[in-house]
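Data first, discussion second: the structure below is written as structure tokens.
The values are calculated or read from the model by the stated rules, or taken from the named source; none is laboratory data. A quick note: this is a predicted structure, and the numbers were derived from the prediction, not measured. Counting neighbours? That spans all protein chains shown, and the Cβs are built from the backbone with ideal geometry, glycine included. Side chains included, ligands, DNA and RNA excluded: accessible areas come from the protein's heavy atoms. Shrake-Rupley method; radii C 1.70, N 1.55, O 1.52, S 1.80 Å.
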Amino acid sequence: MRDFLNKKGVTLSPKTYFITGFQYFALGLMASLIVGLILKTIGEQLSLPFFTEMGQLAMTLMGPVIGTAVAYGLKAPPLVIFSAGIAGAAGADLGSVAGCYVAALIAVETGKLVSEETKFDILITPAVTIFTGFTIATFIGPGIDQFMKAFGQLVMWSTEQRPLIMGILVALLLGFALTGPISSAAIAMMLGLEGLAAGAATIGCAAQMIGFATSSYRENGFGGWLTQGIGTSKLQFPNVVRNPYILIPPTVAGILLAPIGTLYFQMENIPAGAGMGTSGLVGQIMTLRTMGFTFETFLAIFILHFIGPIIISLILSEWLRKKGYIKFGDMKLNQYGDDLNGKYQIDRTI
């Protein structure tokens with residue numbers, strides 16, 4: 001059985017399902033729902049119906065795109081990849097975001113097991129993949145979605161009741177996820193984070209990205225600042241494993257700024273922006289969409305998402321350098337050579 005599973009590329013590994021699968025799930029979200037929201041927002045704010053309709057179409061195709069993305073990420077055969085789009089669509093319709101991922105994941109792994117095992121592969125493989133995805137979406141998807149949303153509701157309720165403590169906790173955990181191997185965007189979407197909790201998550205993620213970009217400026221220059229600050233801080237994950245002290249400046253920035261955002265600025269966001277930080281400025285665009293395109297909102301974003309992390313991270317990183325905890329080169333992006341273009345390539349997006 002083990003040899004058969006290995007031959008089919010079915011690893012039954014938690015790393016495959018909770019890290020690799022999540023990363024491609026997040027890419028599917030980005031290519032459909034999140035980009036669609038951005039396009040729709042542009043169309044609504046600038047009175048451009050063409051962009052509004054384009055964004056709406058991208059949002060409605062979230063399920064098929066996620067299903068295809070997950071199948072591609074798990075290295076499924078072509079027939080499984082194409083059929084997984086239908087499994088993802090069923091999951092999105094019957095189990096929302098969380099159900100979509102589970103339905104697509106199980107459908108893909110089941111499809112891989114039967115792929116090229118019969119003379120009627122062109123019929124059997126897509127039929128089994130679609131049947132599995134639809135069945136999972138029907139009987140398991142709604143329960144998974146309800147559980148994730150209930151947990152998300154608990155997080156949001158707790159943040160409203162204890163904005164100081166929970167604001168720090170949400171910012172800390174989502175920030176760690178953004179820099180680490182797990183997708184913060186996927187977590188925020190599955191939990192359906194909204195309101196103050198989503199605002200705190202955005203601050204924590206922004207602190208990681210802008211904080212790392214600023215702390216590593218002397219190693220990576222302005223190009224590196226943009227790559228991390230507007231791209232992703234996941235590029236620093238190999239360096240964090242090597243020297244965990246470099247994680248202190250951006251993390252402290254998130255801890256200090258999150259309660260200010262929840263208590264004084266009342267920062268809010270929606271699930272699509274909560275786990276994005278400053279990646280592609282999605283977190284900021286979604287914050288504006290949620291709180292309004294006002295001067296006060298622009299000012300709060302400027303202070304909490306950019307200026308605050310820059311100042312705090314710069315002060316702490318320089319202090320740690322003087323103490324010898326951080327040395328020149330510890331945050332250099334290219335010190336791992338091909339690893340950044342290979343092993344960690346998928347982490348660059350979200």
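Scanning for something more than 16 Å from the chain's Cα centre (by Cα), in a helix (DSSP H, G or I) and either in contact (Cβ under 8 Å) with a residue 40 or more places away in the chain or surrounded by fewer than 21 Cβ atoms within 10 Å (Cβ to Cβ) (or both), does the range 263-279 turn up at least one residue? Can you show your working first?
Applying the first criterion (more than 16 Å from the chain's Cα centre (by Cα)) to the range 263-279 yields 263-268.
If we keep only those that are in a helix (DSSP H, G or I) too, we end up with 263.
Now drop any that are not either in contact (Cβ under 8 Å) with a residue 40 or more places away in the chain or surrounded by fewer than 21 Cβ atoms within 10 Å (Cβ to Cβ) (or both), which leaves 263.
Checked the range 263-279: at least one residue is more than 16 Å from the chain's Cα centre (by Cα), in a helix (DSSP H, G or I) and either in contact (Cβ under 8 Å) with a residue 40 or more places away in the chain or surrounded by fewer than 21 Cβ atoms within 10 Å (Cβ to Cβ) (or both).
For the residues Gly211, Gly254, the requirement of being in contact with a Cys (Cβ under 9 Å, 6 or more places away or on another chain) and under 18 Å from Ser313 (Cα atoms) singles out Gly254. Is it the case that the range 292-309 has a residue that's without any contact (Cβ under 8 Å) to a residue 40 or more places away in the chain, part of a helix (DSSP H, G or I), more than 10 Å from Gly199 (Cβ to Cβ) and touching a Ser or Thr at 6+ places or on another chain (Cβ under 9 Å)? Yes: the range 292-309 contains one or more residues that are without any contact (Cβ under 8 Å) to a residue 40 or more places away in the chain, part of a helix (DSSP H, G or I), more than 10 Å from Gly199 (Cβ to Cβ) and touching a Ser or Thr at 6+ places or on another chain (Cβ under 9 Å). Only residues that are farther than 15 Å from Ala272 by Cβ and open to solvent by less than 60 Å² (accessible area, probe 1.4 Å) were counted in the range 37-62, giving 2. Quick one: is Phe212 at pLDDT 95 or above, in contact with a Pro (Cβ under 9 Å, 6 or more places away or on another chain) and part of a helix (DSSP H, G or I)? Answer is yes for this residue.
Looking only at the range 288-295, decide whether some residue is among the β-branched types (Val, Ile, Thr), open to solvent by 10 Å² or more (accessible area, probe 1.4 Å) and touching a strand residue (DSSP E or B) at 6+ places or on another chain (Cβ under 7 Å).
In the first step, residues of the range 288-295 are kept if they are among the β-branched types (Val, Ile, Thr); the result is 290, 294.
Cutting the leftovers down to open to solvent by 10 Å² or more (accessible area, probe 1.4 Å) gives us 290, 294.
From the residues that got through so far, the ones that are touching a strand residue (DSSP E or B) at 6+ places or on another chain (Cβ under 7 Å) too are 290.
Yes, the range 288-295 has at least one match.
Listed residues Thr20, Thr16, Thr11; which is more than 26 Å from Leu281 (Cβ to Cβ), open to solvent by 50 Å² or more (accessible area, probe 1.4 Å) and either of a type in the set (Phe, Trp, Tyr) or at pLDDT below 90 (or both)? Step through it out loud before you land on a result.
Numbers: Thr20 fails: open to solvent by 50 Å² or more (accessible area, probe 1.4 Å); Thr16 fails: open to solvent by 50 Å² or more (accessible area, probe 1.4 Å).
Going through Thr20, Thr16, Thr11 in turn, just one is more than 26 Å from Leu281 (Cβ to Cβ), open to solvent by 50 Å² or more (accessible area, probe 1.4 Å) and either of a type in the set (Phe, Trp, Tyr) or at pLDDT below 90 (or both): Thr11.
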